[in-house]
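These notes are about the structure you will find just below.
The values are calculated or read from the model by the stated rules, or taken from the named source; none is laboratory data. Note that the coordinates shown come from a computational prediction; the quantities given were computed from them, not determined experimentally. Using ideal geometry, Cβ is built from the backbone for each residue, glycine included, and neighbour counts are taken over all protein chains shown.
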Amino acid sequence: MKSSQQKMNIYGQEFDSRLLIGSALYPSPKVMTDSIKASQSQIVTLSLRRQSPEQRGGQAFWQQIQDLGMTLLPNTAGCHTVKEAVNLAKMSREIFQTDWIKLELIGDEYNLQPDPIDLLEATDVLIKDGFKVLPYCSDDLIICRRLADLGCQVIMPWGAPIGTGKGLLNPHALQSIRQRLPEVTLIVDAGIGLPSHAVQAMELGYDAILLNSAIAQAQDPVLMAQAFAKAVEAGRAGFVAGRMPEKQVAEPSTPTLGMPFWHQS
Amino acid sequence: MNIMINGEVHALTSSTLQDILVEFNAQPPFAVALNGDFVSQGEYGSTQIAAGDQLDIVSPIYGG
């Protein structure tokens with residue numbers, strides 16, 4: 001039997017879990033902690049914002065994240081220019097002591113679609129500065145290829161716009177990226193709403209799923225986190241196992257030979 | 001002098017970034033950008049701030 005236990009690789013670091021989870025939008029800090037633990041994720045995303053000394057600079061949240069003992073993946077969410085993204089990445093590197101950056105560079109306010117042109121430029125700048133870039137991008141094969149050419153070992157195309165929960169809007173495009181970039185660690189980032197969406201992405205051969213709202217905004221986030229942990233595992237095993245050949249016409253699985261009551265008319 | 005910190009005007013007496021961060025009561029952990037450019041911790045003491053400069057002082061927050 002094949003093993004679906006092969007670890008996920010992110011810039012040389014190996015992980016058992018193929019689910020990356022966000023830290024935003026949970027109904028309470030406790031639900032956040034419980035959900036993240038239930039997801040079995042080993043990597044959590046977080047961000048930076050202007051601090052208010054009166055609120056003690058968000059120290060409570062920071063302590064809570066540190067207590068989880070997970071690998072941190074800071075993002076550049078909300079950045080609209082190369083300069084903003086590059087400088088926020090540098091601030092993240094100093095605070096979080098990691099050269100990983102989830103590079104988000106928004107090109108449109110309405111659907112939060114990444115700006116592919118600026119994304120390439122920012123990726124180039126950051127890689128030359130020693131960052132390990134995990135770019136959030138649309139499902140365009142050529143953009144993904146250019147990101148790989150720049151040195152990205154991990155690429156994160158969207159399933160659907162951030163926070164929509166619509167699932168994989170263009171499975172064919174995602175499949176093309178998988179087929180054409182077999183060496184890259186591919187993570188579907190954004191747009192996942194249901195465990196079945198995660199299964200579908202994993203069955204396409206994606207290495208992992210990154211999500212936040214699907215768990216944080218579920219009616220029972222902890223239970224949904226458990227569901228996603230199983231979904232990612234099931235989808236991965238399904239991919240590794242290899243699907244049956246698809247057919248256009250029905251083919252009975254029960255033998256027809258020896259069928260009682262049969263007679264030649 | 002008046003400088004902008006996190007989008008608001010602050011009247012401060014210090015001139016180096018190091019002293020301004022103390023005067024502002026910045027709570028660690030934080031990172032700083034001056035007029036949009038990152039300033040590393042090691043540069044705080046040698047970075048002079050002028051009237052009208054814009055500082056961003058950021059801290060960890062939840063994110064997706």
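Odds and ends about this structure:
- Residues of the range B:14-33 satisfying the condition of being within 10 Å of another protein chain (Cβ to nearest Cβ) and within 16 Å of B:N2 (Cβ to Cβ): B:F24
- Index of the failed condition, A:D34 passing every other in (1) touching a strand residue (DSSP E or B) at 6+ places or on another chain (Cβ under 8 Å); (2) away from chain B (no Cβ under 11 Å): (1)
- Count - residues of the range A:125-148 that are within 24 Å of B:V58 (Cβ to Cβ), in contact with a helix residue (DSSP H, G or I) (Cβ under 7 Å, 6 or more places away or on another chain) and either at pLDDT below 95 or in a helix (DSSP H, G or I) (or both): 3
- Conditions (1) in contact (Cβ under 8 Å) with a residue 12 or more places away in the chain; (2) surrounded by fewer than 17 Cβ atoms within 10 Å (Cβ to Cβ); (3) in a helix (DSSP H, G or I): number failed by A:S92: (2)
- When residues of the range A:233-265 are limited to those that are exposed (fewer than 10 other Cβ atoms within 10 Å of the Cβ) and among the β-branched types (V, I, T), the one nearest to A:L210 (Cα to Cα): A:V249
- Scanning the range A:39-74 for residues that are of a type in the set (S, T, Y) and within 24 Å of the chain's Cα centre (by Cα), we see that the one that is nearest to A:Q97 (Cα to Cα) is A:T71.
- Within the range A:157-193, tally of residues that are within 14 Å of another protein chain (Cβ to nearest Cβ) and under 10 Å from A:Y206 (Cα atoms): 2
- Check on A:L168, surrounded by 18 or more Cβ atoms within 10 Å (Cβ to Cβ), touching a residue at least 12 places away in the same chain (Cβ under 8 Å) and in a helix (DSSP H, G or I): no
- Identity of the residue in the range A:39-66, among the small types (G, A, S), in contact (Cβ under 8 Å) with a residue 24 or more places away in the chain and not in a helix (DSSP H, G or I), that ends up farthest from A:F228 (Cα to Cα): A:S47
- Residue that is farthest from A:G193 (Cα to Cα), among those in the range A:214-241 that are assigned to a loop (DSSP other than H, G, I, E, B) and either among the polar types (S, T, N, Q) or in contact (Cβ under 8 Å) with a residue 12 or more places away in the chain (or both): A:Q219
- Residues that are under 17 Å from A:N75 (Cβ atoms) and assigned to a strand (DSSP E or B) within the range A:186-213 comprise A:I187, A:V188, A:D189, A:A208, A:I209, A:L210, A:L211, listed in sequence order.
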